[in-house]
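This report refers to the structure that appears directly beneath it.
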């Protein structure tokens, strides 16, 4: 039985604890690189998913829908309705006697419900103080990145109808 | 010259660190690209979606190439060390 190890050889503890620091650094870096590359793959898949959604989207069909009678909305008043589906809240505004405008009520920032600020004649989002123009739904101030989608209206006699939606360009 | 005298493992680590830094930069660009594409898509600008997917794919391929480079360096450094030990 050997009692002493010859000089110049690795110490005994290295046999017992056989982890090499330099090797370990390599492994951790390699694994981290692998993780980053998989994340990169995830980003690419995300882009492909958007591409697929863009290619396979159908032409949106907007039904005609009765909103209310024109006289139901007072000047400076609003009427809430849902269009094109029951999940899409919209707001109809009558800023003056002859004008009716309607927009999606979802703020384009984080989907909070916008309301009509009559005294300032604009649509306001209470969450992050995003303001939208009443004329065309464009962003006046705040974090929203896009204008509000506009509901196309048609007046037939006394009846107001929603006939479509217009997604507007960024301003 | 110091770099030549550096042990192979140390030089390999430097190369791997360089590749890693490059991958991180490319990943940040890819993240920005994804968010910008989603934003444009939701805004109704569908024309940007295809170029963005192509660029994202290219960035991924570069990242994958760098990963293969890291693996190769790793394997070489390991085999060198093994030879030394043997």
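Please work out if residue A:170 is at pLDDT below 90 and over 24 Å from residue B:41 (Cα atoms). Before the answer, list the steps.
On the way: at pLDDT below 90: yes; over 24 Å from residue B:41 (Cα atoms): no.
For residue A:170, the condition - at pLDDT below 90 and over 24 Å from residue B:41 (Cα atoms) - is not met.
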- Item | Tally of residues being in contact with a strand residue (DSSP E or B) (Cβ under 8 Å, 6 or more places away or on another chain) and under 13 Å from residue A:76 (Cβ atoms) across the stretch A:95-114 | 3
- Item | Check on residue B:27, within 7 Å of chain A (Cβ to nearest Cβ), modelled with pLDDT of 90 or more and closer than 16 Å to residue B:65 by Cα | yes
- The lone condition residue A:30 fails out of (1) modelled with pLDDT of 90 or more; (2) closer than 30 Å to residue B:58 by Cα; (3) crowded, with 16+ Cβ neighbours inside 10 Å is (1)
- Message: Return the residues of the stretch A:117-144 that are within 21 Å of residue B:43 (Cα to Cα) and loosely packed, with under 14 Cβ neighbours inside 10 Å; say none if nothing qualifies.
- Response: A:128, A:129, A:135, A:141
- Yes or no: residue A:102 closer than 30 Å to residue A:153 by Cβ, modelled with pLDDT of 90 or more and under 29 Å from the mean Cα position of the chain (by Cα)? yes
- Item | Pairs with Cβ under 7 Å, 6+ apart, first in the stretch B:42-65 and on the phi > 0 side of the Ramachandran plot, second surrounded by 15 or more Cβ atoms within 10 Å (Cβ to Cβ) | B:44/A:167
- Criterion (touching a residue at least 60 places away in the same chain (Cβ under 8 Å) and surrounded by fewer than 16 Cβ atoms within 10 Å (Cβ to Cβ)) met by exactly one of A:99, A:59, A:71: A:71
- Every listed condition ((1) assigned by TED's automatic domain parsing to the domain that holds residue A:158; (2) closer than 19 Å to residue A:166 by Cβ) holds for residue A:125 save (2)
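The values are calculated or read from the model by the stated rules, or taken from the named source; none is laboratory data. Since the structure is predicted, the reported quantities are computational estimates derived from the model, not experimental observations. Please note: Cβ atoms are built from the backbone with ideal geometry, for glycine as well, and neighbour counts cover all protein chains shown.
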